[in-house]
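Participant: Before we start, here is the structure in question, set down as structure tokens.
The values are calculated or read from the model by the stated rules, or taken from the named source; none is laboratory data. Here the structure is a predicted model, which means the values were calculated and not measured. Because the Cβ atoms are built from the backbone with ideal geometry, glycine has one as well, and the counts that use them run over all protein chains shown.
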Amino acid sequence: MSALQRFGRWLAGPIPVSIVLALLIGACFMLIAGVDPLSGYAAMINGSFGSGPGLSNTLQRAIPIIGIGIAIAIAFRAGVLNLGTEGQAGLGALAGGVVAIYVPGPAALIVPLALVTAVVVGAAWGLIAAVLQNLLGVPILLSTLLLNYPARYFSSWVIRFRLDEPTSDLVASEQLRPDVQLSMLVARDSALADTLRSTFGPTSPITAVLTGVNWSIVVLILVVIAVIFMNRRTRYGFESGLSGQNAEFVRYGGVKPGPLVLRTMALSGGLAGLFGVMLTIGAPNTRLIEGYFVQTNYAWTALLVTLLALYRPIGIVIAGLFFAAIMVGSDAMGRELGLSPQIAAVIQALVIILLAFRVTLPHFRRRRGRDVSDEPPLDEPPIDESPLTAAHTPAPAPVDPAAEPKESER
């Protein structure tokens, strides 16, 4: 099969069809709101990819979505349903941010220390759910979901009552020192930035991306490459992939499920904590703000991205960029046309609903077909014997009425 034929089959698959249907339904909502759908989607595309600042905002917003999506995919691929990345990333952001703000020392030491602290705290919070399942049989799906709430409220309490800066109008901590921030790829006030502006223009994609996206994008690229290598070339990647497909087969092969769950949750929670703290200390953010990570809703958007991409790292990158573009483009559409940016949430939900319907419907039809074919026809009685058995079964001998004893002889 040629590459063009494979691409054509993919276009007819559930993902592209679901996206197109979601955009069509979103166009209906725009018509109801009194907005031309063509103008709305043109503003969305121009606001997300059609300009330098729009592309920069899309990439910056996609980084935590893709990163946390990779963390979720590592767990889901192993059959471990980790729904606690919000809490793991939030506590990692809190711990790493505290280190970056309040621990004295040179930036070359503080920044790596903050990142390592976030990874350790996120992994530890994920391990709680793994230990609960291994020792007490508590399902990880339930424990990780519930552990989001103490993580969320503990972070809010710490920032509000222990770290709050009285001089700020926000419920937030002190400001980060500029040298401990994850700065932009090219500092905006540097000579190189001035050269880029004079050469390419202040709003060109090259200038906007290099001066508007911080170094967390480099970390994300390295993480994606490392996860692809781990899935394809390491023993853990092989075992986790088989465990997600058939846990009993892996158990019979000698792999202990308990340690595998521990490793998976530690890795997933650690990556969530890493991208949580990079969102906190990465420019242009300068403070720990109460409820900031929860309000962004990055963790649950990352879950949708992971489901859409079927746990594949490259697919998560593409889906994360798509969802980030919808979010950024919806903001631009709201500014230009006065339409509510909540249309982005509507389109995202429609994509997932339609994708689930498209994926489930063929399985339902096949199962329904098997059930119907197994039932006997309504107009024929059930047959107990096969034709071969009936052909080899001798017929019963005829009964002679004269041979039967009379009533008097009995």
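Participant: Surrounded by 14 or more Cβ atoms within 10 Å (Cβ to Cβ), β-branched (Val, Ile, Thr) and at pLDDT below 85, is that true of Ile352? If you could, list the steps in order and put the result at the bottom.
Facilitator: Working: surrounded by 14 or more Cβ atoms within 10 Å (Cβ to Cβ): yes; β-branched (Val, Ile, Thr): yes; at pLDDT below 85: yes.
Here the answer is yes, as Ile352 does meet what is asked.
Participant: State which residue pairs qualify: first residue closer than 17 Å to Gly320 by Cα and inside the range 12-23, second residue of a type in the set (Lys, Arg) and in a helix (DSSP H, G or I) in any location, beta carbons under 9 Å apart, and separation of 6 or more residues or different chains.
Facilitator: Within 9 Å, the pairs are Ile15/Arg358; Ser18/Arg358.
Participant: Scan the range 281-301 and tell me whether some residue there is touching a Lys or Arg at 6+ places or on another chain (Cβ under 7 Å), closer than 30 Å to Pro166 by Cβ and either among the β-branched types (Val, Ile, Thr) or touching a residue at least 60 places away in the same chain (Cβ under 8 Å) (or both). Walk me through how you get there before you give the answer.
Facilitator: The first filter runs over the range 281-301 and keeps only residues touching a Lys or Arg at 6+ places or on another chain (Cβ under 7 Å), leaving 290, 294.
Filter again for closer than 30 Å to Pro166 by Cβ, leaving 290, 294.
Among the residues that remain, those that are also either among the β-branched types (Val, Ile, Thr) or touching a residue at least 60 places away in the same chain (Cβ under 8 Å) (or both) are: 290, 294.
Taking every residue of the range 281-301 in turn, at least one turns out to be touching a Lys or Arg at 6+ places or on another chain (Cβ under 7 Å), closer than 30 Å to Pro166 by Cβ and either among the β-branched types (Val, Ile, Thr) or touching a residue at least 60 places away in the same chain (Cβ under 8 Å) (or both).
Participant: Next question. Can you confirm whether Val250 is surrounded by 18 or more Cβ atoms within 10 Å (Cβ to Cβ), among the β-branched types (Val, Ile, Thr) and at pLDDT 90 or above? Give the derivation first.
Facilitator: Details: surrounded by 18 or more Cβ atoms within 10 Å (Cβ to Cβ): yes; among the β-branched types (Val, Ile, Thr): yes; at pLDDT 90 or above: no.
So Val250 does not fit the description; no.
Participant: Looking for whichever is buried (at least 24 other Cβ atoms within 10 Å of the Cβ) and out of contact with any Lys or Arg (no Cβ under 6 Å at 6 or more places or on another chain) here; the options are Gly84, Gly137, Gly105, Gly79. Which one fits?
Facilitator: Working: Gly137 fails: buried (at least 24 other Cβ atoms within 10 Å of the Cβ); Gly105 fails: buried (at least 24 other Cβ atoms within 10 Å of the Cβ); Gly79 fails: buried (at least 24 other Cβ atoms within 10 Å of the Cβ).
The match here is Gly84.
Participant: Further question: Answer yes or no as to whether Gly50 is out of contact with any Cys (no Cβ under 8 Å at 6 or more places or on another chain), within 30 Å of Ile206 (Cβ to Cβ) and surrounded by 15 or more Cβ atoms within 10 Å (Cβ to Cβ).
Facilitator: Values: out of contact with any Cys (no Cβ under 8 Å at 6 or more places or on another chain): yes; within 30 Å of Ile206 (Cβ to Cβ): yes; surrounded by 15 or more Cβ atoms within 10 Å (Cβ to Cβ): yes.
In short, yes.
Participant: Please specify each residue of the range 120-162 satisfying the condition of being free of Cβ contacts under 8 Å to residues at least 12 places away in the same chain and in contact with a Ser or Thr (Cβ under 7 Å, 6 or more places away or on another chain).
Facilitator: Within the range 120-162, just Leu132 meets the criteria.
Participant: Just to be sure I understand the filter: pairs with C-beta atoms under 8 Å, separated by 6 or more residues or on different chains, first member in the range 228-252 and farther than 17 Å from Pro313 by Cβ, second member among the hydroxyl-bearing types (Ser, Thr, Tyr). Which pairs pass?
Facilitator: Taking only residues 6 or more apart or on different chains, the pairs are Val250/Ser243.
Participant: If you go through the range 177-229, how many residues are in contact with a Ser or Thr (Cβ under 9 Å, 6 or more places away or on another chain), surrounded by 20 or more Cβ atoms within 10 Å (Cβ to Cβ) and closer than 28 Å to Ile72 by Cβ?
Facilitator: 7
Participant: Another question, then. Spot the failing condition for Ile45; the list is (1) more than 27 Å from Leu274 (Cα to Cα); (2) crowded, with 23+ Cβ neighbours inside 10 Å, and only one is missed.
Facilitator: In the conditions (1) more than 27 Å from Leu274 (Cα to Cα); (2) crowded, with 23+ Cβ neighbours inside 10 Å, Ile45 misses (2) alone.
Participant: Can you name every residue in the range 147-165 that is under 17 Å from Ile128 (Cα atoms) and surrounded by fewer than 17 Cβ atoms within 10 Å (Cβ to Cβ)? Reasoning before the result, please.
Facilitator: So in the range 147-165, the residues under 17 Å from Ile128 (Cα atoms) come out as 147-152, 154.
Matches in the range 147-165: Tyr149, Pro150, Phe154.
Participant: Only one of (1) at pLDDT below 80; (2) under 17 Å from Ile15 (Cα atoms); (3) among the charged types (D, E, K, R) fails for Arg312. Which number is that?
Facilitator: If we test Arg312 against (1) at pLDDT below 80; (2) under 17 Å from Ile15 (Cα atoms); (3) among the charged types (D, E, K, R), just (1) comes out false.
Participant: Do you know which of the residues in the range 29-42 that are among the hydrophobic types (A, V, I, L, M, F, W, C) and surrounded by 15 or more Cβ atoms within 10 Å (Cβ to Cβ) is nearest to Phe322 (Cα to Cα)? Can you show your working first?
Facilitator: Kept after step one, since they are among the hydrophobic types (A, V, I, L, M, F, W, C), are these residues of the range 29-42: 29-33, 35, 38, 42.
Of the ones still in play, those that are also surrounded by 15 or more Cβ atoms within 10 Å (Cβ to Cβ) are 29-30, 35, 42.
Values: Phe29: 20, Met30: 20, Val35: 22, Ala42: 15 Å.
Applying the filter and picking the extreme gives Ala42.
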